[in-house]
Amino acid sequence: MDTTTSPPSTTTAAVRARGLTKTYGSGEAAVHALAGVDVDFAAGEFTAIMGPSGSGKSTLMHLLAGLDSATSGQAVLGSTEITGMDDRALTRLRRERIGFVFQSFNLLPMFTAEQNITLPLELAGAKVDREWFDTLTTTLGLADRLTHRPSELSGGQQQRVAVARALIARPDVVFADEPTGNLDSRSGAQVLSFLRRSVRELGRTIIMVTHDPSAAAYADRVVLIADGRIAGDITDPTPESVLAGLDALRSLDDLPAVVR
């Protein structure tokens, strides 16, 4: 495991940050959530972002996904810089090129599973690609649940519907924020397995924020963040290597500032 900052990837980057900062407040009350982040996320890979509470991991994801505005620096999706976009342009970009999976499933209770999955296309006025829809729902084990409403589905099934909804428009990248946080361990493992399959079998790109080393081990790579800065990079992670990386960050936090 390497706990130093890695150079930019030589593979195609689906998303990248350059000098990305986010500051809340001003003067002595200023809080620097991100402090000049440089990082690439490769296309066709499953990457997890981890760090201590308050490290800036969720802030980084929100800036990369266009859900929040940066104080300075660049967030780039493919070849499109999203920092500085107005609200209308960001809304269109998120609708057409970004998928989201959150801890809360955010399904509409009056809609069936199928209607929830196809909702992004309905809102965009786009036609459903039935072949892609069938591939998704079969891969996610939802083919026999499509007429069920959320109240008739388990938590794991609801989250799989949310994953299918995030993928239905074939976005450039899917951002997942603690996607297993409301699930039991068995359902969480199923959802993570499906996320990994969507990368390996369906060619998708996923960036996931998690606090769980076991969840992060499903990814191809783990980016560690601390104090608003990239603090490490783990390739082919295991729960043990992720825990070791997090322990190394905690050890640095325990050092006096003059030693650091």
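The values are calculated or read from the model by the stated rules, or taken from the named source; none is laboratory data. Since the model is a prediction, treat every value here as computed from it, not as a measurement. Every residue, glycine among them, receives a Cβ derived from its backbone with ideal geometry; neighbour counts consider all protein chains shown.
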How many residues of the stretch 187-211 are buried (at least 18 other Cβ atoms within 10 Å of the Cβ) and small (Gly, Ala, Ser)? The answer is 3
Taking the stretch 28-65 as the region of interest, how many residues are assigned to a strand (DSSP E or B) and at pLDDT 90 or above? 15
Candidate set from the stretch 83-104 (those that are acidic (Asp, Glu) and either in a helix (DSSP H, G or I) or in contact with a strand residue (DSSP E or B) (Cβ under 6 Å, 6 or more places away or on another chain) (or both)); member that is farthest from Thr21 (Cα to Cα): Glu96
Among the residues of the stretch 42-65, how many are buried (at least 22 other Cβ atoms within 10 Å of the Cβ), more than 17 Å from Leu249 (Cβ to Cβ) and of a type outside the set (Val, Ile, Thr)? 4
Return yes when Asp68 is at pLDDT 90 or above, among the charged types (D, E, K, R) and either surrounded by 12 or more Cβ atoms within 10 Å (Cβ to Cβ) or within 19 Å of Met208 (Cβ to Cβ) (or both) and no when it is not. yes
List the number of the failed condition for Tyr218; all other conditions in (1) more than 14 Å from the chain's Cα centre (by Cα); (2) at pLDDT 95 or above hold. (1)
Output the qualifying pairs, or none if there are none: Cβ atoms under 9 angstrom, residues six or more apart or on different chains, first residue in the stretch 236-247 and within 9 Å of Pro213 (Cα to Cα), second residue surrounded by fewer than 17 Cβ atoms within 10 Å (Cβ to Cβ). Pro239/Ser214; Val242/Ser214
Of Leu119, Leu142, Leu136, Leu107, the only residue that is closer than 18 Å to Ala166 by Cβ, touching a residue at least 40 places away in the same chain (Cβ under 8 Å) and part of a loop (DSSP other than H, G, I, E, B) is Leu107
Out of the residues in the stretch 159-179 that are over 13 Å from the mean Cα position of the chain (by Cα) and not in a helix (DSSP H, G or I), state the one that is surrounded by the fewest Cβ atoms within 10 Å (Cβ to Cβ). Arg170
Residues that are β-branched (Val, Ile, Thr) and either outside any helix (DSSP H, G or I) or modelled with pLDDT of 90 or more (or both), drawn from the stretch 184-211: Val199, Thr205, Ile206, Ile207, Val209, Thr210
I'm trying to understand the selection: among the residues of the stretch 212-241, which are in a helix (DSSP H, G or I) and either surrounded by fewer than 18 Cβ atoms within 10 Å (Cβ to Cβ) or of a type in the set (Ser, Thr, Tyr) (or both)? Ser214, Pro239, Glu240, Ser241
